[in-house]
1. When you go through L81, L75 one by one, which is the residue that is part of a loop (DSSP other than H, G, I, E, B) and either surrounded by fewer than 14 Cβ atoms within 10 Å (Cβ to Cβ) or modelled with pLDDT of 90 or more (or both)?
2. Output the number of residues of the range 125-145 satisfying the condition of being in contact (Cβ under 8 Å) with a residue 40 or more places away in the chain and either surrounded by fewer than 17 Cβ atoms within 10 Å (Cβ to Cβ) or small (G, A, S) (or both).
3. Can you pull out the residues in the range 93-130 that are of a type in the set (D, E) and either in contact with a Gly (Cβ under 9 Å, 6 or more places away or on another chain) or over 19 Å from R63 (Cα atoms) (or both)?
4. Does D131 fit the bill of being under 17 Å from A72 (Cα atoms) and of a type in the set (D, E, K, R)?
Amino acid sequence: MVLERHHPTHYGSRCRLPAATGTSALHLIGPRAALKALLVAGAVVGAGLLAGVAAERGGLLGRVRVEGESMAPSLQPGDRLLWVGVGRPRAGQVVVAPDPRDPSRLLVKRVRTVDGDSVDLRGDNEGASTDSGDFGPVAARAVRGRVVYRYFPAATAGRLPGAGRTQT
């Protein structure tokens, strides 16, 4: 089997390489697509590092991994998210809050309602969710932040629908 690829310095010419040479997938997708993939990967790594540093220094930005089916279909197990800890929670936002039963564990839930100083947190998949229906409303000040970006898996990476400020 012979593979064709563009030489990195001679875009108009093609060279033929035997498949056994260990040619990587990046050689097969072209220089523009390879650059785009590299930039996306760099942005994801940079955002993750920034979130880690910010979370340690003040809790204004953080990362969380989705576990379980409580937020399906919006979020899936294994999704990795960035959250920003600014402003008061608003109805419709996906937020991160400590589990009232185990504060070392973070929950990812949608704000159903805001009532004064408390919020009702619910999973999108109510049949699979442990939420305010089980443990009651949560203090609004306990909400760490709103989820703004999914950075993994790459196929679904991007700003979450409704991640902006939603009016109550």
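1. Result: L75 is the single residue among L81, L75 that is part of a loop (DSSP other than H, G, I, E, B) and either surrounded by fewer than 14 Cβ atoms within 10 Å (Cβ to Cβ) or modelled with pLDDT of 90 or more (or both).
2. The qualifying residues number 7.
3. D115, D117, D120, D124, E126
4. yes
The values are calculated or read from the model by the stated rules, or taken from the named source; none is laboratory data. Just so it is clear, the model here is predicted, and its values are computed rather than measured. With ideal geometry, Cβ positions are generated from the backbone for all residues, glycine too; neighbour counts draw on all protein chains shown.
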